[in-house]
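The values are calculated or read from the model by the stated rules, or taken from the named source; none is laboratory data. What you see is a predicted model; the values in this text were computed from it and never measured. All Cβ positions, even for glycine, are placed from backbone atoms using ideal geometry, and neighbour counts span all protein chains on display.
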Ligand code: SF4
(Lines give C-alpha, C1' and ligand atoms only; values in the text may rest on other atoms or scores of the structure.)
Protein backbone atom coordinates (compact mmCIF):
# COMPACT_ATOMS: atom_id res chain seq x y z
CA UNK A 1 0.00 0.00 0.00
CA UNK A 2 1.53 3.29 -1.01
CA UNK A 3 1.90 6.19 1.42
CA UNK A 4 -0.78 8.01 -0.54
CA UNK A 5 -3.36 5.35 0.30
CA UNK A 6 -2.69 4.90 4.01
CA UNK A 7 -5.98 4.92 5.90
CA UNK A 8 -6.36 7.21 8.84
CA UNK A 9 -3.66 9.63 7.67
CA UNK A 10 -4.48 13.15 8.76
CA UNK A 11 -3.14 15.21 5.88
CA UNK A 12 -3.35 18.47 7.78
CA UNK A 13 -1.02 17.27 10.53
CA UNK A 14 2.27 17.11 8.65
CA UNK A 15 3.93 19.28 6.06
CA UNK A 16 5.66 17.29 3.36
CA UNK A 17 8.97 19.09 3.01
CA UNK A 18 10.47 16.95 0.21
CA UNK A 19 8.99 19.03 -2.67
CA UNK A 20 10.26 22.21 -1.03
CA UNK A 21 13.81 20.88 -0.68
CA UNK A 22 13.70 19.63 -4.24
CA UNK A 23 12.46 23.00 -5.49
CA UNK A 24 15.23 24.68 -3.52
CA UNK A 25 17.77 22.46 -5.26
CA UNK A 26 16.44 23.40 -8.70
CA UNK A 27 16.28 27.06 -7.69
CA UNK A 28 19.99 26.80 -6.91
CA UNK A 29 20.63 25.37 -10.41
CA UNK A 30 18.61 28.19 -11.92
CA UNK A 31 20.62 30.78 -10.00
CA UNK A 32 23.91 29.18 -11.03
CA UNK A 33 22.73 29.42 -14.64
CA UNK A 34 21.85 33.09 -14.21
CA UNK A 35 25.18 33.79 -12.49
CA UNK A 36 27.15 32.43 -15.47
CA UNK A 37 24.88 34.23 -17.98
CA UNK A 38 23.30 31.16 -19.47
CA UNK A 39 20.02 33.04 -20.07
CA UNK A 40 21.94 35.33 -22.46
CA UNK A 41 22.86 32.31 -24.56
CA UNK A 42 19.29 30.98 -24.40
CA UNK A 43 17.94 34.33 -25.55
CA UNK A 44 20.42 34.49 -28.39
CA UNK A 45 19.24 31.07 -29.63
CA UNK A 46 15.54 31.72 -29.08
CA UNK A 47 15.68 34.93 -31.14
CA UNK A 48 16.72 32.98 -34.24
CA UNK A 49 14.45 30.71 -36.24
CA UNK A 50 15.47 27.17 -35.34
CA UNK A 51 15.64 25.51 -38.76
CA UNK A 52 15.90 22.07 -37.17
CA UNK A 53 12.67 22.69 -35.24
CA UNK A 54 10.76 23.43 -38.43
CA UNK A 55 12.33 20.51 -40.26
CA UNK A 56 14.49 22.26 -42.82
CA UNK A 57 17.80 22.36 -40.93
CA UNK B 1 -13.75 22.99 -12.44
CA UNK B 2 -13.36 21.76 -16.02
CA UNK B 3 -14.54 25.19 -17.15
CA UNK B 4 -11.87 26.88 -15.01
CA UNK B 5 -9.21 24.53 -16.36
CA UNK B 6 -10.17 25.30 -19.96
CA UNK B 7 -9.85 29.02 -19.19
CA UNK B 8 -6.46 28.55 -17.58
CA UNK B 9 -5.30 26.53 -20.60
CA UNK B 10 -6.54 29.25 -22.95
CA UNK B 11 -4.88 32.07 -21.01
CA UNK B 12 -1.63 30.11 -20.67
CA UNK B 13 -1.69 29.41 -24.41
CA UNK B 14 -2.12 33.11 -25.17
CA UNK B 15 0.61 34.17 -22.73
CA UNK B 16 3.08 31.78 -24.37
CA UNK B 17 1.93 32.86 -27.84
CA UNK B 18 1.18 36.53 -27.43
CA UNK B 19 3.03 38.02 -30.39
CA UNK B 20 0.30 38.79 -32.89
CA UNK B 21 2.29 41.12 -35.15
CA UNK B 22 3.79 38.19 -37.03
CA UNK B 23 1.46 38.37 -40.06
CA UNK B 24 2.96 41.81 -40.72
CA UNK B 25 6.57 41.26 -39.62
CA UNK B 26 6.58 37.76 -41.19
CA UNK B 27 9.07 36.76 -38.53
CA UNK B 28 9.24 35.36 -35.02
CA UNK B 29 9.17 37.46 -31.85
CA UNK B 30 12.69 38.48 -30.88
CA UNK B 31 12.07 40.47 -27.71
CA UNK B 32 13.49 39.93 -24.20
CA UNK B 33 10.61 37.74 -22.97
CA UNK B 34 12.10 34.93 -24.99
CA UNK B 35 14.53 34.36 -22.16
CA UNK B 36 11.66 32.94 -20.08
CA UNK B 37 11.09 29.23 -20.10
CA UNK B 38 7.62 28.10 -21.24
CA UNK B 39 6.13 25.63 -18.75
CA UNK B 40 4.64 23.43 -21.48
CA UNK B 41 5.64 22.23 -24.93
CA UNK B 42 5.55 25.33 -27.14
CA UNK B 43 7.99 25.71 -30.02
CA UNK B 44 10.01 28.93 -29.76
CA UNK B 45 10.16 29.19 -33.51
CA UNK B 46 6.38 29.53 -33.59
CA UNK B 47 5.84 33.05 -35.01
CA UNK B 48 3.58 33.95 -32.08
CA UNK B 49 5.77 32.44 -29.33
CA UNK B 50 6.81 34.88 -26.62
CA UNK B 51 8.82 32.41 -24.51
CA UNK B 52 11.47 29.79 -25.16
CA UNK B 53 10.83 26.06 -25.29
CA UNK B 54 12.70 24.36 -22.42
CA UNK B 55 13.39 21.23 -24.47
CA UNK B 56 14.65 23.14 -27.50
CA UNK B 57 16.85 25.39 -25.36
CA UNK B 58 18.26 22.43 -23.41
CA UNK B 59 19.16 20.50 -26.57
CA UNK B 60 20.82 23.58 -28.06
CA UNK B 61 22.88 24.08 -24.91
CA UNK B 62 23.90 20.42 -24.72
CA UNK B 63 24.73 20.37 -28.43
CA UNK B 64 26.97 23.41 -28.02
CA UNK B 65 28.58 22.35 -24.75
CA UNK B 66 32.02 21.58 -26.25
CA UNK B 67 32.27 24.93 -27.99
CA UNK B 68 31.04 26.70 -24.87
CA UNK B 69 33.66 24.99 -22.69
CA UNK B 70 36.36 25.80 -25.24
CA UNK B 71 35.45 29.46 -24.90
CA UNK B 72 35.41 29.26 -21.10
CA UNK B 73 31.63 29.22 -20.69
CA UNK B 74 30.22 26.37 -18.62
CA UNK B 75 26.75 26.27 -20.16
CA UNK B 76 25.48 22.81 -19.19
CA UNK B 77 21.77 23.72 -19.09
CA UNK B 78 21.74 24.91 -15.44
CA UNK B 79 19.21 27.64 -16.09
CA UNK B 80 16.83 25.48 -18.14
CA UNK B 81 17.01 22.39 -15.92
CA UNK B 82 16.62 24.67 -12.88
CA UNK B 83 13.51 26.30 -14.34
CA UNK B 84 12.01 22.96 -15.41
CA UNK B 85 12.78 21.38 -12.03
CA UNK B 86 11.32 24.31 -10.13
CA UNK B 87 8.06 24.01 -12.06
CA UNK B 88 8.15 20.21 -11.74
CA UNK B 89 8.81 20.33 -7.99
CA UNK B 90 5.76 22.49 -7.40
CA UNK B 91 3.30 21.23 -9.99
CA UNK B 92 4.71 18.12 -11.68
CA UNK B 93 2.48 17.01 -14.53
CA UNK B 94 -0.24 19.40 -13.43
CA UNK B 95 1.52 21.66 -15.96
CA UNK B 96 0.56 19.21 -18.72
CA UNK B 97 -3.07 19.41 -17.67
CA UNK B 98 -3.30 23.14 -17.12
CA UNK B 99 -0.59 25.01 -19.03
CA UNK B 100 0.60 23.05 -22.06
CA UNK B 101 -0.65 24.46 -25.38
CA UNK B 102 0.07 21.21 -27.23
CA UNK B 103 -1.80 19.20 -24.59
CA UNK B 104 -4.72 21.61 -24.94
CA UNK B 105 -4.67 21.16 -28.75
CA UNK B 106 -4.91 17.40 -28.28
CA UNK B 107 -7.85 17.77 -25.88
CA UNK B 108 -9.71 19.86 -28.44
CA UNK B 109 -8.93 17.37 -31.21
CA UNK B 110 -10.27 14.55 -29.05
CA UNK B 111 -13.64 16.30 -28.91
CA UNK B 112 -14.12 15.71 -32.66
CA UNK B 113 -16.59 12.91 -33.30
CA UNK B 114 -14.86 9.63 -34.20
CA UNK B 115 -14.45 6.08 -32.89
CA UNK B 116 -12.39 6.27 -29.67
CA UNK B 117 -9.64 3.87 -28.66
CA UNK B 118 -7.56 3.21 -25.55
CA UNK B 119 -3.77 3.55 -25.64
CA UNK B 120 -1.85 0.41 -24.53
CA UNK B 121 -0.35 1.12 -21.10
CA UNK B 122 3.10 -0.19 -22.01
CA UNK B 123 3.63 2.63 -24.52
CA UNK B 124 3.89 5.17 -21.69
CA UNK B 125 7.52 4.13 -21.10
CA UNK B 126 8.59 5.27 -24.57
CA UNK B 127 8.65 8.94 -23.57
CA UNK B 128 11.34 8.30 -20.95
CA UNK B 129 13.53 6.69 -23.62
CA UNK B 130 12.91 9.70 -25.90
CA UNK B 131 13.89 12.08 -23.10
CA UNK B 132 17.11 10.23 -22.38
CA UNK B 133 18.10 9.52 -25.95
CA UNK B 134 16.81 12.36 -28.12
CA UNK B 135 16.93 15.25 -25.64
CA UNK B 136 20.05 14.42 -23.64
CA UNK B 137 22.40 11.75 -25.03
CA UNK B 138 22.26 12.31 -28.80
CA UNK B 139 22.55 16.15 -28.69
CA UNK B 140 25.42 15.73 -26.23
CA UNK B 141 27.32 12.88 -27.89
CA UNK B 142 26.54 12.82 -31.63
CA UNK B 143 28.57 15.80 -32.80
CA UNK B 144 29.77 17.02 -36.19
CA UNK B 145 33.34 17.85 -37.21
CA UNK B 146 33.08 21.18 -35.38
CA UNK B 147 32.03 19.48 -32.15
CA UNK B 148 28.45 20.72 -32.48
CA UNK B 149 25.46 18.52 -31.63
CA UNK B 150 21.94 18.76 -33.07
CA UNK B 151 18.62 19.18 -31.27
CA UNK B 152 17.60 15.61 -32.14
CA UNK B 153 14.12 15.67 -30.67
CA UNK B 154 13.23 18.95 -32.38
CA UNK B 155 14.83 17.91 -35.63
CA UNK B 156 13.44 14.40 -36.06
CA UNK B 157 10.33 14.07 -33.88
CA UNK B 158 8.64 17.13 -32.36
CA UNK B 159 5.15 17.43 -33.90
CA UNK B 160 4.58 20.68 -31.98
CA UNK B 161 7.50 22.26 -33.84
CA UNK B 162 6.07 21.21 -37.21
CA UNK B 163 2.57 22.37 -36.33
CA UNK B 164 3.39 25.64 -34.54
CA UNK B 165 6.53 26.68 -36.39
CA UNK B 166 7.18 24.64 -39.54
CA UNK B 167 3.83 25.08 -41.26
CA UNK B 168 3.25 28.78 -40.32
CA UNK B 169 6.80 29.81 -41.24
CA UNK B 170 6.65 28.08 -44.59
CA UNK B 171 3.49 30.10 -45.25
CA UNK B 172 5.03 33.37 -44.00
CA UNK B 173 8.46 33.01 -45.60
CA UNK B 174 8.22 31.67 -49.17
CA UNK B 175 12.03 31.50 -49.38
CA UNK B 176 12.03 28.66 -46.83
CA UNK B 177 9.85 26.48 -49.06
CA UNK B 178 12.77 25.87 -51.41
CA UNK B 179 14.76 24.30 -48.57
CA UNK B 180 12.27 21.64 -47.50
CA UNK B 181 13.05 18.00 -48.19
CA UNK B 182 12.76 14.54 -46.70
CA UNK B 183 13.27 15.79 -43.14
CA UNK B 184 10.29 18.12 -43.30
CA UNK B 185 8.06 15.50 -44.90
CA UNK B 186 8.98 12.86 -42.32
CA UNK B 187 8.17 15.34 -39.54
CA UNK B 188 4.96 16.24 -41.31
CA UNK B 189 3.95 12.56 -41.33
CA UNK B 190 4.72 12.29 -37.58
CA UNK B 191 2.64 15.41 -36.90
CA UNK B 192 -0.29 14.17 -38.99
CA UNK B 193 -0.16 10.77 -37.30
CA UNK B 194 -0.30 12.35 -33.83
CA UNK B 195 -3.14 14.66 -34.87
CA UNK B 196 -5.17 11.72 -36.21
CA UNK B 197 -4.32 9.68 -33.12
CA UNK B 198 -5.39 12.56 -30.85
CA UNK B 199 -8.82 12.56 -32.48
CA UNK B 200 -9.23 8.87 -31.70
CA UNK B 201 -7.40 8.57 -28.38
CA UNK B 202 -6.95 10.92 -25.44
CA UNK B 203 -3.67 12.87 -25.39
CA UNK B 204 -1.53 10.30 -27.23
CA UNK B 205 1.55 12.51 -27.54
CA UNK B 206 1.51 13.35 -23.80
CA UNK B 207 1.12 9.71 -22.86
CA UNK B 208 3.52 8.12 -25.29
CA UNK B 209 6.15 10.50 -26.62
CA UNK B 210 6.45 13.82 -24.77
CA UNK B 211 9.88 14.16 -23.14
CA UNK B 212 8.76 17.21 -21.18
CA UNK B 213 5.89 15.17 -19.73
CA UNK B 214 8.44 12.45 -18.95
CA UNK B 215 10.61 14.96 -17.08
CA UNK B 216 7.65 16.26 -15.06
CA UNK B 217 6.56 12.65 -14.42
CA UNK B 218 9.79 12.17 -12.45
CA UNK B 219 8.23 14.44 -9.82
CA UNK B 220 5.11 12.25 -9.50
CA UNK B 221 5.84 11.29 -5.89
CA UNK B 222 7.48 14.50 -4.69
CA UNK B 223 5.55 17.38 -6.21
CA UNK B 224 4.05 19.98 -3.90
CA UNK B 225 0.57 19.99 -5.48
CA UNK B 226 -0.88 16.51 -5.73
CA UNK B 227 -4.01 14.47 -5.36
CA UNK B 228 -4.54 12.29 -2.31
CA UNK B 229 -6.74 9.22 -1.96
CA UNK B 230 -8.47 8.55 1.34
CA UNK B 231 -8.56 4.74 1.44
CA UNK B 232 -11.20 4.86 4.24
CA UNK B 233 -13.67 6.67 2.02
CA UNK B 234 -12.86 4.93 -1.28
CA UNK B 235 -15.36 2.17 -2.11
CA UNK B 236 -13.41 1.01 -5.19
CA UNK B 237 -16.42 1.74 -7.36
CA UNK B 238 -13.90 2.53 -10.16
CA UNK B 239 -15.86 5.60 -11.30
CA UNK B 240 -12.54 7.50 -11.46
CA UNK B 241 -11.33 5.16 -14.24
CA UNK B 242 -14.09 6.29 -16.58
CA UNK B 243 -13.28 10.01 -16.59
CA UNK B 244 -9.48 9.99 -16.62
CA UNK B 245 -8.00 11.43 -19.83
CA UNK B 246 -4.65 9.77 -19.08
CA UNK B 247 -5.87 6.23 -18.47
CA UNK B 248 -5.02 6.38 -14.76
CA UNK B 249 -6.86 4.05 -12.37
CA UNK B 250 -6.64 6.48 -9.50
CA UNK B 251 -7.99 4.24 -6.74
CA UNK B 252 -5.39 1.60 -7.67
CA UNK B 253 -2.39 3.89 -8.20
CA UNK B 254 -2.90 7.33 -6.64
CA UNK B 255 0.77 8.24 -7.23
CA UNK B 256 0.61 7.38 -10.92
CA UNK B 257 3.17 9.41 -12.86
CA UNK B 258 0.67 9.87 -15.69
CA UNK B 259 -1.74 11.95 -13.56
CA UNK B 260 -1.95 15.50 -14.92
CA UNK B 261 -4.10 16.68 -11.99
CA UNK B 262 -6.96 17.69 -14.24
CA UNK B 263 -9.21 17.00 -11.21
CA UNK B 264 -11.83 15.21 -13.32
CA UNK B 265 -11.80 12.18 -11.00
CA UNK B 266 -12.20 14.40 -7.94
CA UNK B 267 -14.95 16.63 -9.28
CA UNK B 268 -16.75 14.57 -11.88
CA UNK B 269 -16.45 11.00 -10.69
CA UNK B 270 -15.93 10.43 -6.97
CA UNK B 271 -19.18 10.62 -5.02
CA UNK B 272 -17.54 9.64 -1.73
CA UNK B 273 -15.17 12.55 -1.29
CA UNK B 274 -12.25 10.12 -1.29
CA UNK B 275 -10.02 12.31 -3.48
CA UNK B 276 -8.58 15.62 -2.35
CA UNK B 277 -5.97 18.09 -3.53
CA UNK B 278 -3.00 18.91 -1.33
CA UNK B 279 -0.09 21.31 -1.20
CA UNK B 280 2.90 19.76 0.58
CA UNK B 281 0.52 17.51 2.50
CA UNK B 282 -1.81 20.36 3.51
CA UNK B 283 -5.36 20.03 2.15
CA UNK B 284 -6.39 22.52 -0.53
CA UNK B 285 -9.74 20.96 -1.37
CA UNK B 286 -11.73 17.95 -0.30
CA UNK B 287 -15.11 17.91 1.36
CA UNK B 288 -15.35 21.66 0.99
CA UNK B 289 -14.30 21.58 -2.66
CA UNK B 290 -16.84 18.86 -3.32
CA UNK B 291 -19.64 20.90 -1.74
CA UNK B 292 -18.62 23.89 -3.83
CA UNK B 293 -18.71 21.81 -7.01
CA UNK B 294 -22.18 20.53 -6.09
CA UNK B 295 -23.38 24.09 -5.44
CA UNK B 296 -21.95 25.17 -8.81
CA UNK B 297 -23.86 22.36 -10.53
CA UNK B 298 -27.20 23.08 -8.88
CA UNK B 299 -26.58 26.74 -9.61
S1 LIG C 1 -6.12 10.60 -12.09
FE2 LIG C 1 -7.75 12.16 -11.89
S3 LIG C 1 -6.69 14.15 -11.81
FE4 LIG C 1 -5.22 12.60 -12.58
S5 LIG C 1 -5.38 12.79 -14.81
FE6 LIG C 1 -6.79 11.15 -14.19
S7 LIG C 1 -8.79 12.18 -13.86
FE8 LIG C 1 -7.22 13.80 -13.99
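The number of residues in the stretch A:18-57 being more than 7 Å from chain B (Cβ to nearest Cβ), more than 30 Å from residue B:181 (Cα to Cα) and not in a helix (DSSP H, G or I) comes to 1. The condition of being surrounded by fewer than 24 Cβ atoms within 10 Å (Cβ to Cβ) and either assigned by TED's automatic domain parsing to the domain that holds residue B:212 or touching a residue at least 12 places away in the same chain (Cβ under 8 Å) (or both) does not hold for residue B:40.
Test residue B:210 against the criterion of being near the ligand (Cβ under 10 Å from one of its atoms) and either farther than 21 Å from residue B:280 by Cα or under 20 Å from the mean Cα position of the chain (by Cα) (or both), and give yes or no. No; evaluated as a whole, the condition is false for this residue. Of all residues in the stretch B:93-121, those that are away from every other protein chain (no Cβ under 14 Å) and closer than 15 Å to residue B:196 by Cα have Cβ atoms under 6 Å from Cβ atoms of residues that are within 13 Å of the ligand (Cβ to nearest atom) and assigned to a loop (DSSP other than H, G, I, E, B), 6 or more apart or on another chain, in B:106/B:203; B:110/B:202.
Within the stretch B:242-261, residues that are more than 19 Å from residue B:231 (Cβ to Cβ) sit with their Cβ atoms under 7 Å from residues that are assigned to a loop (DSSP other than H, G, I, E, B) and more than 9 Å from the ligand (Cβ to nearest atom), at 6+ positions apart or across chains, in these pairs: B:245/B:202; B:245/B:203; B:246/B:203; B:247/B:118; B:247/B:119; B:257/B:220.
Highlighted here are the helices (runs of 4 or more DSSP H) found entirely within the stretch B:168-287 that include at least 2 residues which are in contact with a helix residue (DSSP H, G or I) (Cβ under 8 Å, 6 or more places away or on another chain) and at the interface with chain A (Cβ under 8 Å from one of its Cβ atoms): B:182-200.
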